[in-house]
Amino acid sequence: MTLPADWIAHLKKTPLPVRAEVHRQLTAVLRRDEIDQGELVGWLRRDPAACGFVMGSAARAQRAKQRDAPHSLDHALSLLGDTWSRQQIPKLPILEETITDEQQLAGYLVAVARSLHAARHAESWLVELRDTSYEIVVVATLLHNFIELALWRDAPELMRLALTQVRDNKISTLGHAIKSALQTKGITLKLLEKSLNDFYYLPTQLFEDEASTPILARQHQTIVLLARRISFFSEMGWYHPEIIATQKEISDLLKRDCAATNQLIHQVAVQTAREFEPMGFYSTAALLIDSASAPGHWPLPTQYGLPPNTQEQALLNFSRRATSQTRTPNNLIKSLMSSLIEDLKLVEFVVLSRTPSASTLQVKINKRVSGSAIPKDVTLAENPLLARLMTGMKGLVISRENRYKLKPLLDVNGQTLIEKDCFLQSLSIKNEPFVLLAIDTPSEQDIAPIRALIAHLQTFWRF
């Protein structure tokens, strides 16, 4: 799909689609003789497209009278009136009829779930802060990814490009990645936000109108930002470095200790998961059971339909190789070498095997193409660093920063193994040393894929 020639004009003419269930419930409420505004607001808050349409319509009506835009759904509906609601809301397009491609629809729904997830977190923090204006901030948070939803509808390939850049650590945040993706089409994010804010209602409208009270505006802006960040990065895992950093910022905001803050965040995630279950929405609460140890890679939900990157493809190919033959230590090591060479393009490595005497490591495979010769044997007694590594499944990065510290722990033969930047990894069988791998790392960026591949190998290494 490609963006329409004048995408901004297209967005103004075509409101974002509403989930079928929400559309059905809204229509049912509006058909009654007496409209229950509380129930109507409740359903509008379950869909950012419906919420944005109502808020934007009320904001335009107010601007035409040179008045301030409303910031809550109750206020917006009161300004628009029941007649407008009965006539206009049922005309909104239905999501499942608008987006028929299953993969595109799945990506859109994950983005909708993330907007709801962020809004639930923001609400919990505002309640903790006893902020009486929590309703307006919740609405702003619900609409924080309005442009992303528009991209999922009109150009899902741009959203996948943005998500891929964050996943592959090329861009640090999703907002910056979306900005970069839009620039490939000649669209400036700031201009797009301004144009859409003039027609719909984006969080920037709230921040502009609160500018006269800078402390309050800054607090509300911080809450929206943190909720946006935690709802996105939790899709990769709750122990992602960005989550850890964000939790500390939330702790400072709420003036609570980190443990209590984490408990509140996780509680909201679990409550949101229960809310999402009947809707069939993706929830990040399932990732709360993950190990606290950082994994080798941080995949995004499969619902986004992202193509695997080099690292993920290497893991997939290793699994294919490992399961297509008898699972033996030697076969797994061969599969590992194939993944290093063919998938990660790491062609230089050395494999050393323990001799029957257990006191010596003997070079079995030498794929180094450098001029330096590798000794055939390395004695563990003369190389305490290697002896330590061989006490279990241990890994160690060798680089210019630590090589000078480690050389005294090796004899001349051992030092030849670490003359180049490399990753040392030992493998054991029944807690007994088996082999030592020395994988050369031409770049620091090679270390993370190696760690991920070794961690993946260990899920098969049951000896």
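The values are calculated or read from the model by the stated rules, or taken from the named source; none is laboratory data. Just so it is clear, the structure is predicted and the values come from calculations on it, not from any experiment. All Cβ positions, even for glycine, are placed from backbone atoms using ideal geometry, and neighbour counts span all protein chains on display.
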* Quick one: would you say GLU249 is more than 30 Å from ARG130 (Cβ to Cβ) and either of a type outside the set (S, T, N, Q) or not assigned by TED's automatic domain parsing to the domain that holds LEU410 (or both)? -> no
* Asked: So which residues in the stretch 150-189 are among the acidic types (Asp, Glu) and assigned to a helix (DSSP H, G or I), if there are any at all?
  -> ASP154, GLU157
* Has the stretch 328-346 got at least one residue that is surrounded by fewer than 18 Cβ atoms within 10 Å (Cβ to Cβ), touching a Phe, Trp or Tyr at 6+ places or on another chain (Cβ under 7 Å) and closer than 30 Å to ARG160 by Cα? -> no
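Out of the residues in the stretch 255-276 meeting the condition of being of a type in the set (A, V, I, L, M) and crowded, with 17+ Cβ neighbours inside 10 Å, tell me which one is farthest from LEU142 (Cα to Cα).
LEU264
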* Name the residue, out of LEU352, LEU344, that is under 21 Å from PHE434 (Cβ atoms), among the hydrophobic types (A, V, I, L, M, F, W, C), out of contact with any His (no Cβ under 9 Å at 6 or more places or on another chain) and not assigned by TED's automatic domain parsing to the domain that holds ARG160. => LEU352
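If we scan the stretch 431-448, do we find a residue that is touching a Pro at 6+ places or on another chain (Cβ under 7 Å), at pLDDT below 95 and outside any strand (DSSP E or B)?
Within the stretch 431-448, none of the residues are touching a Pro at 6+ places or on another chain (Cβ under 7 Å), at pLDDT below 95 and outside any strand (DSSP E or B).
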* Select from the stretch 122-154 the residues that are charged (D, E, K, R) and more than 23 Å from the chain's Cα centre (by Cα) and write down the one among them that is surrounded by the fewest Cβ atoms within 10 Å (Cβ to Cβ). => ARG130
* Restrict the check to the stretch 97-105 and report whether at least one residue is surrounded by 15 or more Cβ atoms within 10 Å (Cβ to Cβ) and among the charged types (D, E, K, R). => no
* Select, from LEU16, LEU26, LEU11, the only residue that is surrounded by 15 or more Cβ atoms within 10 Å (Cβ to Cβ) and touching a Gly at 6+ places or on another chain (Cβ under 9 Å). => LEU16
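If you take the residues of the stretch 255-292 that are part of a helix (DSSP H, G or I) and of a type in the set (S, T, N, Q), which of them is nearest to LEU129 (Cα to Cα)?
THR261
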* To do: Filter the strands (runs of 3 or more DSSP E) completely within the stretch 344-426 down to those with at least 2 residues that are within 30 Å of LEU315 (Cα to Cα) and not hydroxyl-bearing (Ser, Thr, Tyr).
  => 349-354, 360-366, 395-398
